[in-house]
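Each remark here refers to the structure printed beneath this line.
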Amino acid sequence: MRPSNKWASKLGFILATAGAAIGLGNLWKFPYLMGKNGGFPFLVAYLFFICILGIPVMIAEMSLGRKTGHGPVLAYDTIHPHARIVGYLGVAAAFFILSYYAVIGGWIIRYFVSYALTAQAPRDFNAFIGHPTEPLFWFFLFMLITALICYFGVSGIEKASRSMMPMLFIILLLIIVRGITLPGAAAGLAFIFSPRLDDFSLHSVNGALGQVFYSLSLCMGITITYGSYLQKDVSIPKGCIQIALLDTCMAVLAGIAIFPAVFACGLEPASGPGLIFVTLPEVFGAMAGGAFFAALFFLLVFFAAVTSAVALLEVSVSFVMGSWHWERKKAVILLALAIFLVGIFSSLSFGPLAGVSILNYGIFDFVCMLTDNLFLPFGGIFMCYYIGWKWDPAMLIEEICQHGVPFPLARVWLFLIRSVTPVMVAAVSLSGFVSIYQTVFG
Ligand code: TRP
């Protein structure tokens, strides 16, 4: 019998971790970034960073989690007492990200329910998200589902991912077939793939770099936490490569599912909430059998979002279980409630609190900025310092190679983690700080 706080199978581990990584970033951010930044060259840059940055950092975090058997705070504590700060940043980032991610999760459920029951989109997106109470109801429902999955612990997360991730993939394929058979779809494929070197700039390179961090959910304690549930005989390098591959495939496939249909309808490409809540409903409205595909599509987005939300909640849960010795049930209920309470402000910032701004940011954007542009870069910088330089990362190689697991590129990995990653992380951080500066000081 495998212990209850470990993944029961290798497949379950891969799907759960891929589920954490595959989320809204893959669906509404990556395809647009690729289209706007030169198409194919952007993909090449992205793949390059996945290889030299994403996978190495993921290997480092996962083996640290498994070696220590703890979530981020206690894991970093074993490196150096001061390194706890990296763990705290990760836990805080996960907590606040979930507070806004779940608001969007609520909108997704609303759209799914609307298409499934009435075969139509909700009437007006902006009126819906600006309503003082309705979005809160759906937000609460999304948190409830997320909490319920976490409530059943590692095995709950594993079971949910094992059923949701394959369904997500199948639905995506169905939608791709529908989208690329529409007349005029080729323009959409051209938008994402055709190489346009003029659109590919230093800015694009930086975009690719940031997206690698965001998409693989790095520096937020998730990979460490999920790594702490991993059996010792599973190959971490192999697992990380598979997860990164799944994540990248999903991002590219999402582009193939979405943009051909958008172009076939003569609409402008967009990203973010506007793409899936405004542009796509128009596309579905114009398509034969559109309501059916729309319901399927929002189910897909829901699966992607909820498996990421579960991972985010699990980071805080494992932290209070490890550090404060709470039992899981209490941890899940109280944390989910706390996140809901904090998220209320983000949700209301589209309606009654729309006029409130903090340092020139609306509340929702402020929380995004805090997590993406501050916690993540600082967490990343400290991570490089502590794992690469303050500690001997060779200890992680020992962890990885137990039970005769091969790690042929160990030396390359060591070099990347100590010398290349810090430079890259600094680049992402810098561009984040510049964007904060621009917003705050106009
Ligand atoms: N990777 C997720 C996505 O592509 C978003 C994300 C960022 C995330 N950080 C995370 C998800 C931490 C789970 C945990 O949408």
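Are any of the residues in region 386-398 surrounded by 23 or more Cβ atoms within 10 Å (Cβ to Cβ) and of a type outside the set (D, E, K, R)?
Going through region 386-398, the residues surrounded by 23 or more Cβ atoms within 10 Å (Cβ to Cβ) turn out to be 387, 396.
Next cut, of a type outside the set (D, E, K, R) only: 387, 396.
Yes, region 386-398 has at least one match.
Taking only region 49-61 into account, find how many residues are of a type in the set (V, I, T), at pLDDT below 95 and within 16 Å of the ligand (Cβ to nearest atom).
Selection size over region 49-61: 1.
Can you find, within region 297-341, the residue that is nearest to the ligand (Cβ to nearest atom) among those that are charged (D, E, K, R) and more than 21 Å from R162 (Cα to Cα)?
R328
Looking only at residues that are open to solvent by 60 Å² or more (accessible area, probe 1.4 Å) and not aromatic (F, W, Y) in region 164-177, which one is nearest to the chain's Cα centre (by Cα)? Break it down into steps so the answer makes sense when it comes.
Step one: of region 164-177, the residues open to solvent by 60 Å² or more (accessible area, probe 1.4 Å) are 167, 169-170, 173-174, 177.
Subset that is not aromatic (F, W, Y): 167, 170, 173-174, 177.
Details: M167: 18, I170: 20, L173: 21, L174: 23, V177: 25 Å.
Filtering first and then ranking leaves M167.
Just a yes or no: is a residue in region 370-380 away from the ligand (no atom under 16 Å from the Cβ) and buried (at least 16 other Cβ atoms within 10 Å of the Cβ)? Outline the logic, then answer.
Pass one, region 370-380, residues away from the ligand (no atom under 16 Å from the Cβ): none.
Within region 370-380, not a single residue is away from the ligand (no atom under 16 Å from the Cβ) and buried (at least 16 other Cβ atoms within 10 Å of the Cβ).
Looking at this structure, is G221 of a type outside the set (V, I, T), touching a Gly at 6+ places or on another chain (Cβ under 9 Å) and open to solvent by less than 10 Å² (accessible area, probe 1.4 Å)?
yes
Restricting to region 279-300, give me the number of residues that are more than 20 Å from G156 (Cα to Cα) and open to solvent by less than 10 Å² (accessible area, probe 1.4 Å). It would help to see each step written out before you state the result.
Our first condition is that a residue be more than 20 Å from G156 (Cα to Cα); within region 279-300, this holds for 279-298.
Pick out the ones that are also open to solvent by less than 10 Å² (accessible area, probe 1.4 Å) and you get 280, 283, 290, 294, 297-298.
Of the residues in that region, 6 qualify.
Out of (1) within 14 Å of A336 (Cβ to Cβ); (2) open to solvent by less than 10 Å² (accessible area, probe 1.4 Å); (3) out of contact with any Phe, Trp or Tyr (no Cβ under 7 Å at 6 or more places or on another chain), the odd one out for I104 is which?
(1)
Go through (1) over 20 Å from the mean Cα position of the chain (by Cα); (2) of a type in the set (S, T, N, Q); (3) open to solvent by less than 10 Å² (accessible area, probe 1.4 Å) one by one and return the number of the condition T181 breaks.
(3)
So in region 185-218, with the set limited to residues that are open to solvent by less than 10 Å² (accessible area, probe 1.4 Å) and over 11 Å from F49 (Cα atoms), which one is farthest from the ligand (Cβ to nearest atom)?
Only one residue tops the list, namely A185.
Please go through region 217-247 and give me each residue that is part of a loop (DSSP other than H, G, I, E, B), at pLDDT 95 or above and under 21 Å from A93 (Cα atoms), ordered by number.
Once the filter is applied, which keeps residues that are part of a loop (DSSP other than H, G, I, E, B), at pLDDT 95 or above and under 21 Å from A93 (Cα atoms), region 217-247 yields S228, Y229.
Working only within region 88-147, note down all residues that are touching a helix residue (DSSP H, G or I) at 6+ places or on another chain (Cβ under 6 Å) and basic (K, R).
Once the filter is applied, which keeps residues that are touching a helix residue (DSSP H, G or I) at 6+ places or on another chain (Cβ under 6 Å) and basic (K, R), region 88-147 yields only R110.
If you scan region 94-108, which residues turn out to be under 14 Å from the mean Cα position of the chain (by Cα), among the small types (G, A, S) and farther than 11 Å from V315 by Cβ?
S99, A102, G105
Conditions: (1) touching a helix residue (DSSP H, G or I) at 6+ places or on another chain (Cβ under 7 Å); (2) open to solvent by less than 10 Å² (accessible area, probe 1.4 Å). V154 meets all but one. Number of the miss?
The failed condition is (1).
Within region 317-357, how many residues are under 24 Å from A127 (Cα atoms) and either open to solvent by less than 50 Å² (accessible area, probe 1.4 Å) or under 25 Å from the mean Cα position of the chain (by Cα) (or both)? Can you show your working first?
First, pick out the residues of region 317-357 that are under 24 Å from A127 (Cα atoms): 340-357.
Add one more test, that the residue is either open to solvent by less than 50 Å² (accessible area, probe 1.4 Å) or under 25 Å from the mean Cα position of the chain (by Cα) (or both), and what stays is 340-351, 353.
Within region 317-357, residues that are under 24 Å from A127 (Cα atoms) and either open to solvent by less than 50 Å² (accessible area, probe 1.4 Å) or under 25 Å from the mean Cα position of the chain (by Cα) (or both) number 13.
Just to verify a result, which residue in region 1-48, among those that are of a type in the set (S, T, N, Q) and part of a helix (DSSP H, G or I), is nearest to the ligand (Cβ to nearest atom)?
Once the filter is applied, the top-ranked residue is N26.
Determine whether I175 is modelled with pLDDT of 95 or more and part of a helix (DSSP H, G or I).
Judged against the criteria, I175 is not a match.
From the list L89, L74, exactly one residue is touching a Gly at 6+ places or on another chain (Cβ under 8 Å), surrounded by fewer than 24 Cβ atoms within 10 Å (Cβ to Cβ) and assigned to a helix (DSSP H, G or I). Which is it?
After ruling out the rest, the residue left standing is L74.
Check off (1) more than 14 Å from the ligand (Cβ to nearest atom); (2) within 30 Å of C401 (Cβ to Cβ); (3) not in a loop (DSSP other than H, G, I, E, B) for G156 and give me the number that stays unchecked.
Here G156 clears every test but (2).
With the structure loaded, tell me whether M250 is farther than 22 Å from Y100 by Cα, within 16 Å of the ligand (Cβ to nearest atom) and either in contact with an Asp or Glu (Cβ under 9 Å, 6 or more places away or on another chain) or open to solvent by less than 20 Å² (accessible area, probe 1.4 Å) (or both) or whether it fails that test. Even if it seems obvious, please write down each step before you answer.
Numbers: farther than 22 Å from Y100 by Cα: yes; within 16 Å of the ligand (Cβ to nearest atom): yes; either in contact with an Asp or Glu (Cβ under 9 Å, 6 or more places away or on another chain) or open to solvent by less than 20 Å² (accessible area, probe 1.4 Å) (or both): yes.
So M250 fits the description; yes.
Looking at (1) closer than 27 Å to F298 by Cβ; (2) not in a helix (DSSP H, G or I), can you tell me which one G255 breaks?
(2)
Going by what's in this entry, would A116 be described as surrounded by 21 or more Cβ atoms within 10 Å (Cβ to Cβ) and out of contact with any His (no Cβ under 8 Å at 6 or more places or on another chain)? If you could, list the steps in order and put the result at the bottom.
Working: surrounded by 21 or more Cβ atoms within 10 Å (Cβ to Cβ): no; out of contact with any His (no Cβ under 8 Å at 6 or more places or on another chain): yes.
No.
Just checking, does region 261-271 include any residue being modelled with pLDDT under 90 and under 20 Å from the mean Cα position of the chain (by Cα)?
Yes, there is a match, as at least one residue in region 261-271 is modelled with pLDDT under 90 and under 20 Å from the mean Cα position of the chain (by Cα).
The values are calculated or read from the model by the stated rules, or taken from the named source; none is laboratory data. This structure is a prediction, so every number in the text was calculated from the model and none was measured. Every residue, glycine among them, receives a Cβ derived from its backbone with ideal geometry; neighbour counts consider all protein chains shown. Surface accessibility is based on the protein's heavy atoms, side chains included, excluding ligands, DNA and RNA. Shrake-Rupley method; radii C 1.70, N 1.55, O 1.52, S 1.80 Å.
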